[in-house]
Amino acid sequence: MSEITCKEIQLNEEILSCLIGFSRDWEKEDSTYGYRANTKEDIEGNRIFVAEKEGRIVAYLFGHPEHSENMRSIMKEGTLFFEVEELYVIPEERNQGIGTKLFQYLEENLAEEEYIVLSTATKNYRSILHFYLDELDMEFWSARLFKKIKKGNSI
C-alpha cells in the first residue's frame with residue numbers, strides 16, 4: 001500500500017476545484033440525507049486537511065473552531081471546540097484507514113480546542129457509528145431519528 005500523507009493546506013483555486021468536485025461525487029452517491037455539493041462559500045473560512053496518496057488528494061476534512069452554546073451536558077459553556085463540517089474519502093480508497101489517519105492528524109494538530117464535534121446524516125448509520133465510536137473513540141451525544149408513517153391498509 002502506498003504511503004498516506006496528511007497535512008493542513010491553504011485554500012486556492014486548484015484545491016477549491018478539487019474539493020467541489022469531490023463533493024459533487026459525494027452528492028451523486030446519495031449516501032447522506034440532504035447532502036448537496038459544496039460551493040466556494042461552504043468551504044471558505046474553514047481549516048482544510050487532506051490525505052494524499054502518491055501526490056493525489058484522496059480524502060479531505062474541513063471545519064472550524066467554535067465556542068459551545070447549550071452543550072452543557074458534555075462541556076462547559078463557552079468551551080472552544082472544533083466543528084467538523086465534512087470528512088470525505090474517495091470511494092476507491094475507503095476502508096483502508098485513510099479517514100482514521102486524517103482524523104487523527106486533525107486531533108494532533110488542534111492546539112487550543114478541547115473537543116472535536118460533528119454531526120452526520122448518513123444512510124449507512126451502522127458503518128458510520130462503527131467508524132466514529134469504535135475506530136476514533138468518539139462518544140455518542142445525541143441522535144435525531146425519523147420514521148415514515150404508513151397510511152392506509154389499517155384494520
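The numbers here are math on the coordinates, done by the rules we state, and not lab data. Just so we're clear, the structure is a prediction, and the values are computed from it rather than from any experiment. Ideal geometry is used to build each Cβ from the backbone, glycine not excepted, and the neighbour counts take in all protein chains shown.
Within segment 87-102, count every residue that is more than 18 Å from Tyr115 (Cβ to Cβ) and assigned to a strand (DSSP E or B).
Here the count works out to 2.
When you scan segment 109-155, how many residues do you find that are of a type in the set (Ser, Thr, Tyr) and either in contact with a strand residue (DSSP E or B) (Cβ under 6 Å, 6 or more places away or on another chain) or farther than 23 Å from Arg72 by Cβ (or both)? Even if it seems obvious, please write down each step before you answer.
Narrowing segment 109-155 to residues of a type in the set (Ser, Thr, Tyr): 115, 119-120, 122, 125, 127, 132, 142, 154.
Checking the rest, the ones that are also either in contact with a strand residue (DSSP E or B) (Cβ under 6 Å, 6 or more places away or on another chain) or farther than 23 Å from Arg72 by Cβ (or both) come to 115, 122, 125, 127, 154.
Here the count works out to 5.
I'm trying to understand the selection: among the residues of segment 10-35, which are loosely packed, with under 11 Cβ neighbours inside 10 Å and assigned to a loop (DSSP other than H, G, I, E, B)?
Gln10, Asn12, Asp30, Tyr33, Gly34
Six or more apart or on different chains, Cβ atoms under 9 Å: show the pairs whose first residue is in segment 89-101 and surrounded by 14 or more Cβ atoms within 10 Å (Cβ to Cβ) and whose second is among the hydroxyl-bearing types (Ser, Thr, Tyr) and not in a helix (DSSP H, G or I).
Here the result reads Val89/Tyr60; Gly99/Tyr88, each pair linking segment 89-101 to a residue that is among the hydroxyl-bearing types (Ser, Thr, Tyr) and not in a helix (DSSP H, G or I).
Give the number of residues within segment 36-70 that are touching a residue at least 12 places away in the same chain (Cβ under 8 Å), farther than 20 Å from Trp26 by Cα, not in a strand (DSSP E or B) and not charged (D, E, K, R).
Residues meeting the conditions: 2.
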